[in-house]
Amino acid sequence: MNFKRFLFSLALFMPLCASAQSITPAQIQQFKSLPQAQQEALARQYGVDLDQIQGGAAQTRPEVNQQISVVEPLEKGAGQNEEDQGASNPSKEEQAFSKKNYGLKPFGYELFEGKPSTFAPVTEIPVPANYTLGPGDELKVQLWGNENRQLSLTVSRDGTIEMPERGPVNVAGMSFQQAREEISRLVAEQYIGVKAAVSLGELRSMRVFVLGEARTPGSFSVSSLSTITNLLYVSGGIRYTGSLRNIQLKRNGKVVSTLDLYDLLLKGDTSGDARLQPGDAVFIPAVGPRVGIDGEVYRPALYEINGATTLEKLVNLAGGLTSQAYPQITRIERTNQDFLRIIAEADLTSTEGKGAKVKAGDRISVASIADVTGQYVEITGAATREGKFAWLPGMRVSSIIRNLDADLLPIADTNFAALVRTNPESHKISVLSLELKAAIANPGGAEDLMLQEKDQLLLFADEGRSELTQGTGRKANEVYQSYSRDTLFNPVVKRLKAQATPSAPQQTMIISGPVRYPGEYPLPATGKVKDALVMAGGLKDSALMLDAELARRNLNNDGVEHTQLRTVNLVDAMNDQTDLQLQSRDRLMVRSIPLFGATRTIKLAGEVVYPGEYTFSDGETLVDVLKRAGGLTSNAFPRGSVFTRKKLRELEAQRLAEAEKRLQGDLLGVQLEGDNLGGQTAQRVEQVQGLLGDVQNSRPVGRMVIDLASVLEDSSYQSIRLQDGDTLHVPIIPQAVSVFGEVQFPTSHLHTAGLTVDDYLERSGGPTRQADESRVYVVKADGSVMLPEKSAWFGGRSQLLQPGDTVIMPIDVDRLNQLELWTNVSQIVYQMALGAAAVGNL
C-alpha cells in the first residue's frame, strides 16, 4: 500500500519538477500529505528545494501583511491618461464652483478624495477577537515542535476546514478565539509534541454598492469588516454635489441607518458608522442647503446646514472666531424675494445676532479688527497708494491728495472723484461729487471738501488715458476695468439699495445716451443734473443740448406707481439755471444729434475722370456722384462695370459659411460611408475636398448687376440709390474672352469675331473627365449669367461671344453620389469665383 502511494506521489511530483509553471495548489497539497521522509527522498532525487515547494501554496495568494494600495490620491502622476486625469484632478465643474462661491470650497469633501486603483477587496482592517468566521475566511496554522509545518485552511461553503490527516472540522459561526482554541486542541490530540499558532489570513469579501453622488459610483468588493466610511474611501469619496449629512445605508430596499459625516469630522464620533453586510447599498443623496462663511473664522468654507441653523451654530461649525474677529460687524449677503443680492449686518455679541437664522445661499463674512478701526479715511481706485490713512479733524481732500502727478496713476480721471460718506449714527452712506483738479489747485476752496471720519475717496480711471498705462506691466484694458466707474460704484450702489426703506428710498439713478460712461450711479447729494452728468464722465460731442428726457416713478393717490416724463434743458442744467432736483430711481436719457458723424462714401475706380472716394448725402444716386467725378473716360467700358455693395458681400459671406459647414458634414458622411461603391469612395472624397477648398478660398464680392450705360443715358432706367461702402469699378475696353472651370487649360483668349462658345471651349483643350458639358454657362461682362443649353433665344452653344465674357465649364456633381448640397455649393463657388475672375480679367 505504501509502495503504491509512493508511485502515485512520484508520478504527481515529476511534472512539477519539469515545469514550475505547472504547479497547482492542489498538487502541492497532495505532495504535502506524504510522510516527511518520502517528501525528503523525492526532493533529493529530483534536486528540488523542499522549502520552496512547501512555500508554493503561500505564493499563490498575497501575504496578509502585504500592502495593497486600493486608493490613490487625486494627483496627476506620470503616465496618467486623460480619462484618469479627469478623475484625479479637480474637475472644471468643481473649479467653476469654487470660483462662483468667492473661492470657498465645501467643507469635508477632501477627507475621502481619491481614485480607486484596484477592484481587490480592502483587507487593511484589524480583526477583533470576537470576529465570527464564515465561508471564504482563511486560517493560517503554524505547527512547531516535533513537526514544523505551515497550513493555510480556507473555510468552505459548508463552514468547514480540511485538517490534514484529520478531515473536515466545522468552524462556521465560531468566533476567531473559539476557532483558535479548537484547532489548538485538535493538533494536540492528533500530533504528539506539536503545538499550533493560529492566525487569520485573508478575510472573506462581499459585494456592496455605492450609489448617488459618489465620485465613482458602482459595486465594490470589500472586506466583511468594512463600514460605511471604509466604502466611501474605496469609492474615491463624494462629489461636491453630494450630501455629507444624510448618507443612507439601505438594506433590502429599506434605510437601516444614516450617517452624518459632520459628527465624524467635527466631533470624532463614529457611532453612526455602521458595519456593512453583503448586498448593502450606500446611497449619497444630493446636497442640502449650503451656507458660506469667510473672514475671521478658523475654517472658512461652504457648510451644509441640517434644519434650522442660527448664525452662532454656523460660526461654531467654522471653528469659531479668530482673535482678530470683530463680531459686532458680521455681514450677511443673501438673495431676497426679487432674486436680488442684498446685504445685511448682524452683531454676534448680542443674543439677537447669535440667534439670527441663516438661509440657503447666504454668504457670511466676519469682519476683522483691522477692517473697522476708527480715526481713518480710505482711498480706493487709481491712486499710487491705496488704503487707509489717519484722519484728523479739519482734514480736506487736498490733505491726502497733494499732487496729481505723484499721488495718482497716469490713467486717473482728474476731473471727477466721489466721496462715500457714512453716517456715524445710522451707518447709512451718501455720495458727494467733487472736481478733483479744482480741489487740488485751490486748497481750502469750495471743491476741496472737508473730510469726516471713515470717508472713502473713490478715484476713477479715464478711458481716454488708458494708453498711458504702457510700461506698467499690466494691460491697459485690465487696469481701466479695475478702476472703472462700474467697478468702483458697484458695491456702493448695492449698499444704497440694501439700506433703502419706504421712508428713505434708494438713492440711485440711471443715465443713458451720449455720455462717456452710461450706467447706474448713486444719486448726487446735491440732486443737480449737472453733478449727475459729471459723475457719468460728461457729455459727448454727439449730445443734443436742446433737451433731455427725465423719467420719474411716482405714486398716485391710489398707491399705484406710474411713470412721469418731463423735459430737461441741458444748457440751463449745465449752467445751474434750473431748479430741477433729481429723485430716487430717476432715469435721465440724453438724446443724440440725428445722424451725428455719419459719413457715407462711395469709391469710384477705373476709367473715371476723377476717381476717388466720394462722400454723398442722403438721397443721392450713382448718376449724381458720377457727374461730380467728371463722368467716364473715352476708354471706359460701361457694359463691364462692376458695382459692389457692402450688404451684398455680407450676405454672400453668410451663405458661403453655411455652405462650407454643410459640405464639411457631408464630407464626413462620405468618409464614414466607406468604400462600398466599387472603389470610388476615395475618388469622391478627393473631389469633395477640392470643392471644399474652393469654398474656403473664395471671397465674397457683393456684386450687383447694373447696366451703367443705361444708368447714364436712359432717364427711364431705375435710379441707383447709394449706400455707404458702395464701390464702382469701370474697366478699360477689354479684348479677351476667358474660359474657366473643368477644362484642360483654363485661360483667356483674344476675342475673335465669329467664334462661338464651343469654339472657345475647344481652344482651351475641351472639357475634363469630370466636367458637366450640359450645364455650361457664360458670365457676361456686366455680371449677368446666360445658360446656352436652356436659352433658345440665346442661340444655344453656337452663340457668338463679346469681349469681356467668361465661359464656365462646371464640375459634374452628379458623379458625386447625387448630393444636392454639392450642386448648390458648386454653384456658389463658381458664381463668386467667376465674378472675381471677371473683375480681374477686365
Whenever you get a sec, line up H729, H749 from highest to lowest accessible area (probe 1.4 Å, protein heavy atoms).
H729, H749
Would you mind calculating the gained length between L392 and E425 on full extension (0.36 nm times residue separation, minus the Cα-Cα distance), in nm to one decimal?
10.0 nm
Let me cross-check M574: its accessible surface, 1.4 Å probe, with only protein heavy atoms counted, in Å² to the nearest 10?
60 Å²
Along the stretch 519-525, Karplus-curve 3J(HN,Hα) (6.51, -1.76, 1.60; θ = phi - 60°) to the nearest Hz, with x for Gly and Pro, reads x, 9, 10, x, 5, x, 4
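Restricting the count to DSSP beta bridges whose residues both fall in the stretch 211-359, what percent are antiparallel, rounded to a multiple of 5?
Of the beta bridges lying entirely in the stretch 211-359, close to 90 percent run antiparallel.
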May I ask you to order 141-147, 211-217, 446-452 by the average number of other C-beta atoms within 10 Å around their residues, highest value first?
211-217, 446-452, 141-147
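Which net charge results when you count Lys and Arg as +1 and Asp and Glu as -1 among the other residues whose beta-carbon is under 13 Å from that of G108? Display every interim value, and only then the final one.
Numbers: positive: K105, R239, R245, K267, R290, R299; negative: E110, E113, D260, D263, E304.
Around G108, the surrounding residues sum to +1.
What order do F643, F745, F339 take when sorted by accessible area (1.4 Å probe), most exposed first?
Details: F643 0, F745 140, F339 175 Å².
Ranked from most to least accessible, the order is F339, F745, F643.
In nm, what is the difference between 0.36 nm times the number of residues separating K437 and E352 and their Cα-Cα distance?
Numbers: separation 85, 0.36 × 85 = 30.60 nm, distance 4.74 nm.
Full-extension gain reported as 25.9 nm.
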How much accessible surface area, in Å² rounded to 10, belongs to the heavy atoms of S152 with a 1.4 Å probe?
50 Å²
Cα-Cα longer than 21 Å, checked against K105/K254; K140/K195; K437/K530, kept in input order, equals K105/K254
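Which number do you get for Rg(Cα) / (2.2 N^0.38 Å) in the stretch 739-790? Intermediate values should be presented prior to the final figure.
Working: Rg = 11.0 Å, N = 52, 2.2 N^0.38 = 9.9 Å.
That ratio works out to 1.11.
Say R0 is 45 Å: what FRET efficiency, to the nearest 0.05, do T241 and A653 get from their beta-carbon distance? It would help to have the intermediate numbers written out before the result.
Details: r = 44 Å, r/R0 = 0.98.
Step by step, r from the Cβ atoms, then E = 0.55.
Going through the cross-link list K313/K357; K428/K454; K99/K354, which pairs have a Cα-Cα distance over 19 Å in this structure? Write down the numbers at each step before the final one.
Numbers: K313/K357 10 Å; K428/K454 12 Å; K99/K354 29 Å.
The pairs that break the limit, which is 19 Å between Cα atoms, are K99/K354.
Sort I400, I293, I343 by heavy-atom solvent-accessible area, probe 1.4 angstrom, most to least.
On the way: I400 25, I293 0, I343 55 Å².
The ranking, largest first, comes out as I343, I400, I293.
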Mean Cα-pair separation over length for the stretch 703-779, i.e. relative contact order, pairs under 8 Å, 6 or more apart, %
20 percent
Which value, in Å² and to the nearest 10, is the accessible area of S719 when all protein chains are kept and the probe is 1.4 Å?
80 Å²
Output ³J(HN,Hα) for the stretch 583-596: one whole-Hz value per residue in order, computed from phi by the Karplus curve 6.51 cos²θ - 1.76 cosθ + 1.60 with θ = phi - 60°, and x for Gly and Pro.
10, 4, 6, 5, 10, 9, 10, 8, 7, 9, 5, x, 6, 5
Cα-based Rg / Dmax (Å) for the stretch 516-600:
14.3, 53
Rg(Cα) of the stretch 411-564 divided by 2.2 N^0.38 Å?
1.16
Pair T154, T563: separation of 7 Å Cα→Cβ label points (nm):
8.2 nm
Whose amide H sits under 5 Å from the amide H of L200, counting only residues 5 or more places off or on another chain, with H placed in the peptide plane?
K140
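Any chance you could run the full-extension gain for D624 through T601? It's 0.36 nm times the residue separation minus the Cα-Cα distance, nm to one decimal.
Values: separation 23, 0.36 × 23 = 8.28 nm, distance 1.30 nm.
Taking D624 through T601 to full extension adds about 7.0 nm, to one decimal.
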More than 23 angstrom apart: percent of Cα pairs within the stretch 377-474
23 percent
For R215, list long-range residues whose amide hydrogen, built 1.01 Å from N in the peptide plane, is under 5 Å from its own amide hydrogen.
G237, I238, R239
What residues have an amide H closer than 5 Å to that of F460, excluding those fewer than 5 places away on the same chain, when H is modeled at 1.01 Å from N in the peptide plane?
A382, D413
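The values are calculated or read from the model by the stated rules, or taken from the named source; none is laboratory data. Here the structure is a predicted model, which means the values were calculated and not measured. Note that each Cβ is placed from the backbone with ideal geometry, even for glycine, and that neighbours are counted across all protein chains shown. Remember, those area values only see protein heavy atoms, side chains included, never the ligands or the DNA or RNA. Shrake-Rupley method; radii C 1.70, N 1.55, O 1.52, S 1.80 Å.
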